[in-house]
Amino acid sequence: MNKIILALTIILLLGASCAVKPRTDAECLKACYTEYGEVPKYNARTEAALNIAVDQACQARCNVINK
């Protein structure tokens with residue numbers, strides 16, 4: 001559980017570090033997923049939770065939810 005919280009904290013910090021949105025949603029998502037690809041993976045369960053969190057964080061950062 002602590003590893004998941006750590007992973008989510010890392011995601012939030014990375015998300016806050018990207019202030020400039022690229023030109024298109026696709027470019028933004030690609031850059032976001034590339035950036036989050038550097039987050040270490042702990043085990044299959046943590047990785048699955050992390051992937052869901054990354055998807056949600058990238059979509060929110062790139063404003064592609066409910067478009």
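Report yes if some residue within the stretch 15-30 is part of a helix (DSSP H, G or I), modelled with pLDDT under 70 and surrounded by 10 or more Cβ atoms within 10 Å (Cβ to Cβ); otherwise report no.
Taking every residue of the stretch 15-30 in turn, at least one turns out to be part of a helix (DSSP H, G or I), modelled with pLDDT under 70 and surrounded by 10 or more Cβ atoms within 10 Å (Cβ to Cβ).
Is there a residue in the stretch 45-56 that is modelled with pLDDT under 75, of a type in the set (A, V, I, L, M), under 11 Å from the mean Cα position of the chain (by Cα) and assigned to a helix (DSSP H, G or I)?
no
Can you name the condition, by its number, that N63 falls short on among (1) in a helix (DSSP H, G or I); (2) modelled with pLDDT of 70 or more?
(1)
The values are calculated or read from the model by the stated rules, or taken from the named source; none is laboratory data. Every value quoted in this text rests on a predicted model; they were computed, and no experiment measured them. Quick reminder, even Gly has a Cβ in these numbers, built from the backbone with ideal geometry, and neighbours come from all protein chains shown.
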